[in-house]
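Q: Got a structure for you, written out below as structure tokens; questions coming shortly.
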Amino acid sequence: MERQIPAISGFDSDDLRVVQLFYPFAFEQTMRGIQQQIRFAHYSSAEAAMRILQSNQVWMRKASAMNDFREIDYGKECLIGAYASDTGKRLKAALEEMFQGITGDIEERFNAWYPHFENGTFLTSISEHDPSEDRIGRLSMWRAYGGTTGVAVVLRGTSFLAPSDALKAYTSPVAYLSHAQFQREFDRLAEGIISNAEFVKSRGREEVLANIFNAFRMATVCTKHPGFHEEKEWRVIYNPAWQQSDRITSSVEVIRGVPQIVQKIPLVDVPEEGLVGITIPDLVERIIIGPTDFPLEIREATIELLKSKGVANPSEKVIISDIPLRH
């Protein structure tokens with residue numbers, strides 16, 4: 001029996017069915033996030049967190065500048081292996097039966113764009129935040145991010161999970177998968193398309209090609225080795241070569257001594273295009289000051305910045321973590 005697809009504002013039932021078929025992992029995780037009203041935390045240095053509050057902007061960095069520079073290569077390796085499998089061959093045969101020549105077009109487009117995935121994808125990383133972490137944060141994240149002045153900005157999740165094209169930047173969960181686990185997810189994608197061939201074909205060649213390509217793109221950009229699973233990461237993803245935003249701006253900045261191009265997301269609502277809740281008073285739920293030699297100073301400055309941004313009761317929203325981590 002076909003599972004009932006829940007309603008999401010801005011999507012009709014056929015649109016949701018497309019998302020469910022072409023992006024089954026992301027669909028399930030997003031629905032879980034909506035139902036559980038999950039929150040996110042952005043772990044960073046105090047300097048970076050203060051920059052967000054002062055500028056009303058979030059910076060996105062190139063994937064190649066992130067902690068594990070092989071992340072996208074790992075996703076590509078998993079995808080190539082799955083695409084060459086027996087399930088991949090069945091998927092290609094089913095797609096060819098719908099639209100002759102489409103698999104060649106998919107492969108040509110993917111191969112042409114892959115260098116842009118590596119060198120032109122900009123990311124902001126956020127982590128699922130559990131209520132048990134409200135006062136202390138997460139030890140593994142304090143160890144990995146923020147150095148000696150770590151800060152976790154806890155964010156309401158609504159704006160990340162609602163569909164909107166206003167920024168041309170999109171939120172996706174990260175899948176922590178071994179090659180065998182990736183194959184099982186690929187099998188699920190393929191079986192869904194094959195089992196719903198009549199519906200898929202009704203969407204037309206161009207839409208199917210675009211969705212397969214984008215599913216492969218997101219699988220490449222959002223698959224990580226399972227050893228990183230404690231991060232519980234989601235990513236805000238932007239590729240200006242693929243989809244240029246007229247709201248996100250670009251500049252050259254120096255980050256930890258390395259000059260690099262960054263993309264800056266303005267924290268401004270665009271309600272007419274479904275983007276709401278990203279102003280600082282609506283977005284920031286609390287800020288946790290991590291292990292540092294200067295907790296009181298950082299807390300005082302953070303409260304002052306929140307007050308200047310119109311956040312109500314800011315002193316109640318800035319917490320000093322007492323987790324005993326030594327640097």
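Q: Ordering Asp134, Asp165, Asp105 from largest to smallest accessible area (1.4 angstrom probe), what's the sequence?
A: In descending accessible area the options line up as Asp165, Asp105, Asp134.
Q: Taking the chain as the reference, fit the longest principal axis to its C-alpha atoms, fit the long axis of helix 179-195 to the helix C-alpha atoms, and give the angle between the two in degrees, 0 to 90, nearest 10.
A: 50
Q: To the nearest 20 debye, what is the magnitude of the charge dipole of segment 121-176 about its Cα centre, counting +1 on the Cβ of each Lys and Arg and -1 on the Cβ of each Asp and Glu? Please report the intermediate quantities before stating the final value.
A: Numbers: 5 positive and 5 negative charges, 28 e Å.
That gives segment 121-176 a dipole magnitude of about 140 debye.
Q: Based solely on its DSSP helices, what 222 nm [θ] is calculated for the chain when runs of n ≥ 4 H residues each add -39,500 (n - 2.57) and the sum is averaged over all residues, nearest 500 deg cm²/dmol?
A: Numbers: 13 runs with 146 residues, N = 327.
Computed ellipticity for the chain at 222 nm equals -13500 deg cm²/dmol.
Q: Of all alpha-carbon pairs in segment 168-286, indicate the percentage at a distance above 17 angstrom.
A: 71
Q: For segment 69-169, what is the accessible area per residue in Å², given a 1.4 Å probe and the full set of protein chains?
A: It amounts to 45 Å² per residue over segment 69-169.
Q: What list of ³J(HN,Hα) values in whole Hz, one per residue of segment 100-116 in order, does the Karplus curve 6.51 cos²θ - 1.76 cosθ + 1.60 (θ = phi - 60°) give from phi, with Gly and Pro shown as x?
A: The phi angles translate into 4, x, 5, 5, x, 5, 4, 5, 5, 5, 4, 5, 5, 8, 4, x, 6 Hz.
Q: On the principal axes of its Cα set, how long, how wide and how thick is the chain? Give whole Å, largest value first.
A: Principal extents (Cα only, largest first): 65, 37, 37 Å.
Q: In degrees from 0 to 90, rounded to the nearest 10, what is the angle of the helix 295-308 Cα long axis to the longest principal axis of the chain?
A: Helix 295-308 sits roughly 70 degrees off the main axis of the chain.
Q: With a 1.4 Å probe and all protein chains kept in place, how much accessible area does Ile102 have, in Å² rounded to the nearest 10?
A: Using a 1.4 Å probe on the heavy atoms, I get roughly 0 Å².
Q: Moving to a separate point now. Give me the percent of the accessible area of the chain that comes from carbon and sulfur atoms, probe 1.4 Å, all protein chains in place. Write down the numbers at each step before the final one.
A: Details: 8280 of 15980 Å².
Of the solvent-accessible surface of the chain, carbon and sulfur hold 52 percent.
Q: Sticking with this structure for a sec: Angle check, please: helix 13-22 long axis (alpha carbons) against the longest principal axis of the chain (alpha carbons), in degrees 0 to 90, nearest 10.
A: With both axes taken from Cα atoms, the answer is about 90 degrees.
Q: Once amide H atoms are placed 1.01 Å from N in the peptide plane, what residues at a sequence separation of 5 or more from Thr171, or on another chain, have their amide H within under 5 Å of its amide H?
A: Here the answer is Ile237, since their amide H atoms fall under 5 Å of that of Thr171.
Q: Related question: Output wanted: per-residue J couplings in Hz (rounded whole) for segment 225-237, from phi through Karplus 6.51 cos²θ - 1.76 cosθ + 1.60, θ = phi - 60°, x for Gly and Pro.
A: For segment 225-237, the Karplus-derived couplings read 4, x, x, 9, 4, 5, 5, 6, 7, 10, 10, 9, 10 Hz, x marking Gly and Pro.
Q: Taking H placed 1.01 Å from N in the peptide plane, check which residues at least 5 places from Gly146 or on another chain put their amide H under 5 Å from its amide H.
A: Those lying under 5 Å, H to H, from Gly146 are Ser45.
Q: Skipping prolines and chain starts, which residues have an amide H placed within reach, meaning under 5 Å, of the one on Ile278, given they are 5 or more residues away or on another chain?
A: Counting only residues 5 or more places away or on other chains, the set is Asp269.
Q: Please work out the Cα center distance from segment 126-146 to segment 254-327, rounded to the nearest Å.
A: Value for the Cα centre distance between the two parts: 14 Å.
Q: Tell me, what is the FRET efficiency for Thr148 and Val258 to the nearest 0.05, using R0 = 25 angstrom and their Cβ-Cβ distance as r?
A: For R0 = 25 Å, the calculated efficiency reads 0.85.
Q: Given charges of +1 on the Cβ of Lys and Arg and -1 on the Cβ of Asp and Glu, with all other atoms neutral, how large is the dipole of the chain about its Cα centre, in debye to the nearest 20?
A: 520
Q: Quick one: 3J(HN,Hα) in Hz for segment 214-224, Karplus 6.51/-1.76/1.60 with θ = phi - 60°, rounded, Gly and Pro as x.
A: Rounded to whole hertz, the list is 5, 4, 5, 4, 5, 5, 5, 7, 10, 10, 10.
Q: Could you tell me the calculated FRET efficiency between Arg156 and Val270, based on Cβ-Cβ distance and R0 = 22 angstrom, to the nearest 0.05?
A: Efficiency computed from Cβ-Cβ geometry: 0.80.
Q: Please sort by residue number the trypsin sites (Lys or Arg not before Pro) in segment 120-222 whose DSSP state is loop and whose Cβ has at most 13 other Cβ atoms within 10 Å.
A: Those satisfying the criteria are Arg135.
The values are calculated or read from the model by the stated rules, or taken from the named source; none is laboratory data. Everything quoted here is computed from the prediction, not taken from an experiment. In this analysis, Cβ positions are derived from the backbone assuming ideal geometry, glycine residues included, and neighbour counts consider all displayed protein chains. Quick note on the areas: whole protein, heavy atoms, side chains included, nothing else; ligands and nucleic acids left out. Shrake-Rupley method; radii C 1.70, N 1.55, O 1.52, S 1.80 Å.
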